[in-house]
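Undergrad: Here it is, the structure, as structure tokens.
Derivation of every value follows stated rules applied to the coordinates shown; laboratory data play no part. For clarity, every value in this text was computed on a predicted model and none was experimentally measured. For neighbour counting, all protein chains shown are included, and Cβ atoms are generated from backbone atoms with ideal geometry for every residue, glycine included.
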There are 2 protein chains.
Amino acid sequence: MSEVTGGRRRRRRSDAERSAAAVLDAAVQVLGRHPDAKVEQIAAAAGVARQTVYAHYPSRPLLVAAVLDRITAEAVAALEAADVDGGTATEALLRWLDVAWRLFDRYALLLHPSVTAIDKADSDRQHAGVIAPLERLIRRGQAAGEFDGALSPAWLVSATIALGHAAGGEVAAGRMTTAQAAEALRHGILRVYGARES
Amino acid sequence: MSEVTGGRRRRRRSDAERSAAAVLDAAVQVLGRHPDAKVEQIAAAAGVARQTVYAHYPSRPLLVAAVLDRITAEAVAALEAADVDGGTATEALLRWLDVAWRLFDRYALLLHPSVTAIDKADSDRQHAGVIAPLERLIRRGQAAGEFDGALSPAWLVSATIALGHAAGGEVAAGRMTTAQAAEALRHGILRVYGARES
DNA sequence: GTTATCTCTGACACCTGTGTCCAAGTTAGC
DNA sequence: GCTAACTTGGACACAGGTGTCAGAGATAAC
């Protein structure tokens, strides 16, 4: 967006830009936490009429795609900042967990079945940015003898996400505090990986 | 069902009985695997018109409740047969896993969010029959020093279900065979519990 | 201050799924 | 073979959500 105005005089007004941004921001928040939210609710959160949403995003699926784009970019940036490829694999794993925990907490959408495979391209991009670093990390740890090398990296990735899910569920259900859940998660994952207790 | 005909002559015809049973059987199968299945599909699976479903079950939620009743009863029976309270806690855990794995595989409905808390009573019954034995088992193993006593039983239950979910997902995604997944699941759970490798 | 752009209100068509009603046909029970 | 019970097809009302359209008013851009 914000193209170089190439055609004839098509004035893209500033309030249109703001509206579109407000809608996207609201959609990121609302859909992030409630993946099944209706267009109406997103519009309300954006302080805008429902039709205005459609003025900027042709359909709900396309809006979801835009949201996913945004979130994925944020996730990739956050994970890159965590320097997953530096230090001990175990330390890196704990950093990855810390970042990913926060991300999945904020954006339940990332794990939502309705989104897991909208589009092959989206799915791949998401995988490349979020999952691949973890898998790389796992292989590194296995090669270094830090993690059990007999376990398939793909399985460990799944197990990691599943345990994260469970930990999040405990918090949501009020059975654990965020801190307790995070600790239990770290602990459990290290064990599954066959890493020595830290 | 099959009451003693107490009132005046209200002939409950045998084909009505058969229809109701066919609907329930079909619903168990279809809803078990596809919790979001529509009434239309259930009727089709039962070889019956949609209206006939409503003739025996007033509404979809009530049908789901009946299905859940049936499934829960089956689950409880299967878990009782596994003798979770006998032998080593570790051995008993493996038996529980084996049975529960098959159950959750057949009846995805049991884990479906839309069903997790229809009714307090249903939820409690399900919990009492399926979850409680596992929690009892966990406490026993912790008391015996077989499992890590520092972990909260509720968390271990959640983690167990989550890993089971993940293992099922790997099978569904074609990344693992059922046997591989079951093995990985056993392995991972024992580690999370802090049990010695068997 | 003119003008094209944008937003809003309100209405509408459309779709899917649920649940109901009825009239006609079938079938079990006696 | 009568009769009440049951099933069925067709039609319908209803609810919730999506997407579209048109017109009236606001407002940014020039």
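Undergrad: What is the fewest-to-most order of B:Asp124, B:Asp148 by other Cβ atoms lying within 10 Å of their Cβ?
TA: B:Asp124, B:Asp148
Undergrad: How big is the gap, in Å, between the Cα center of the range A:135-191 and the Cα center of the range A:21-45?
TA: Result: 30 Å between the Cα centres.
Undergrad: How would B:Ser123, B:Ser19, A:Ser14, A:Ser114 line up from fewest to most surrounding beta-carbon atoms within 10 angstrom?
TA: A:Ser14, A:Ser114, B:Ser123, B:Ser19
Undergrad: Can you compute the helix-only [θ] at 222 nm over chain A? Use -39500 (n - 2.57) per DSSP H run of at least 4 residues, normalise by all residues, nearest 500 deg cm²/dmol.
TA: Computed ellipticity for chain A at 222 nm equals -21500 deg cm²/dmol.
Undergrad: For the peptides B:55-62, A:135-142, what is the packing order when you average, over each peptide's residues, the other Cβ atoms within 10 Å and list the highest mean first? Could you put the intermediate results ahead of the total?
TA: Working: B:55-62: 14.5, A:135-142: 19.0.
Output ranking for B:55-62, A:135-142: A:135-142, B:55-62.
Undergrad: From the phi of every residue in the range B:140-152, what ³J(HN,Hα) in whole Hz does the Karplus formula 6.51 cos²θ - 1.76 cosθ + 1.60 yield, where θ is phi - 60° and glycine or proline is x?
TA: So the J values, rounded to whole Hz, are 4, x, 5, 4, 7, x, 7, 10, 4, x, 7, 8, 6.
Undergrad: While we're here: Treating each Cα of the protein assembly as shown as an identical point scatterer and ignoring solvent, apply the Debye formula and state log10 I(q)/I(0) at q = 0.09, 0.11 Å⁻¹.
TA: Scattering profile of the protein assembly as shown, log10 relative to I(0): -0.67, -0.94.
Undergrad: Can you list residues whose amide H is under 5 Å from A:Met176's amide H, if they're 5+ apart or on another chain and H is modeled 1.01 Å from N?
TA: HN-HN under 5 Å from A:Met176: A:Val171.
Undergrad: Given the convex hull of the Cα atoms of the range B:46-160, what is a quarter of its surface area in nm²? Show your work: numbers first, answer last.
TA: Numbers: hull surface 32.4 nm².
With the hull built on Cα positions only, its mean projection is 8.1 nm².
Undergrad: If you don't mind, there's one more thing I want to ask. In sequence order, what are the phi-derived ³J(HN,Hα) couplings for the range B:170-182 according to the Karplus relation 6.51 cos²θ - 1.76 cosθ + 1.60 with θ = phi - 60°, rounded to whole Hz, with x for glycine and proline?
TA: Per residue, the Karplus-derived 3J(HN,Hα) values read 5, 5, 4, 7, x, 8, 9, 7, 4, 5, 4, 5, 4 Hz.
Undergrad: Every other copy gets compared here: list the nm distances from the B:Ala21 label point (7 Å along Cα to Cβ) to its counterparts, shortest first, one decimal.
TA: Those label-point separations list as 6.8 nm.
Undergrad: Let me ask something else about it. D for chain A, whole µm²/s, Stokes-Einstein with Kirkwood Rh over alpha-carbon pairs at 10 °C and 1.306 mPa s: what number?
TA: 85 µm²/s
Undergrad: Through the Karplus equation 6.51 cos²θ - 1.76 cosθ + 1.60, θ set to phi - 60°, convert the phi angles of the range B:73-85 into ³J(HN,Hα) values in whole Hz; use x for Gly and Pro.
TA: Result, ordered by residue: 4, 4, 5, 4, 4, 5, 6, 5, 5, 7, 6, 5, 8 Hz.
Undergrad: Can you sort B:Phe147, A:Phe104 so the residue with the fewest Cβ neighbours within 10 Å comes first? Kindly include the intermediate steps, with their values, before the conclusion.
TA: Numbers: B:Phe147 25, A:Phe104 19.
Ordered from fewest to most neighbouring Cβ atoms within 10 Å, B:Phe147, A:Phe104 come out as A:Phe104, B:Phe147.
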